[in-house]
Amino acid sequence: MFKTSLNSRSGLPLIQGIFSSLRDELESGKIGGDLLIDSLKTTLAIHLLRNYCSTQPKLSSYSDGLSQGTLQKITAYIHDYLYQDLKLIELSAIAQLSPYYFLRLFKQRMGITPHQYILQRRIEKAKHLLKQSNLSIADIATQTGFSDQSHLTRCFKRQVGVTPKELLQERSQ
């Protein structure tokens with residue numbers, strides 16, 4: 001709940017200034033505008049919470065990293081959209097955390113970064129497709145989210161120790 005009092009009116013010039021700055025930035029389109037807009041929104045939120053909120057916000061505790069439910073949402077999303085160019089900002093939005101905080105919590109929980117996790121899932125899926133399908137290596141690269149066959153081959157060799165072509169040759173023997 002928000003409290004109202006005579007003391008709260010002293011923050012009115014600050015709030016008006018923030019809104020004025022937000023309007024100016026939205027209209028100007030200058031370089032760095034998005035970053036400044038985010039900073040102004042954060043400043044406004046902090047000011048409102050400090051000066052107008054009568055209850056203390058309950059902060060979540062993440063001592064063990066992401067919760068199991070959040071982790072399941074993230075991993076399901078990664079699995080469903082593995083073929084796309086997944087961004088940290090998308091994953092952090094699903095977790096409702098800042099990208100920086102999400103990255104830290106994900107690594108704390110999983111032992112690897114989201115990028116490493118995604119790369120491992122892509123390699124696993126590529127191995128499965130190489131063994132179970134007749135798709136070309138280029139098609140497998142596309143279906144697993146690699147930019148091209150060369151990108152898949154480099155990452156695959158680094159992770160698995162052999163190239164996709166070598167794995168196919170082993171399969172056919």
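The values are calculated or read from the model by the stated rules, or taken from the named source; none is laboratory data. Just so we're clear, the structure is a prediction, and the values are computed from it rather than from any experiment. In this analysis, Cβ positions are derived from the backbone assuming ideal geometry, glycine residues included, and neighbour counts consider all displayed protein chains.
Observations, loosely collected:
- Scanning the stretch 52-66 for any residue that is modelled with pLDDT of 90 or more and within 20 Å of Leu119 (Cβ to Cβ) turns up nothing.
- Considered as a group, the residues in the stretch 136-173 that are among the hydroxyl-bearing types (Ser, Thr, Tyr) and in a helix (DSSP H, G or I) include one that is farthest from Tyr83 (Cα to Cα), and that residue is Ser172.
- In the stretch 153-173, the residues that are within 34 Å of the chain's Cα centre (by Cα) and loosely packed, with under 11 Cβ neighbours inside 10 Å: Arg158, Gly161
- Pairs, first loosely packed, with under 14 Cβ neighbours inside 10 Å in the stretch 108-134, second of a type outside the set (Phe, Trp, Tyr), C-beta under 7 Å, six or more apart: Gln108/Gly65; Lys131/Arg171
- Hey, Leu91 at pLDDT 90 or above and either loosely packed, with under 10 Cβ neighbours inside 10 Å or part of a helix (DSSP H, G or I) (or both) or not: yes
- Residue match in the stretch 138-145 (condition: buried (at least 17 other Cβ atoms within 10 Å of the Cβ) and touching a Pro at 6+ places or on another chain (Cβ under 8 Å)): yes
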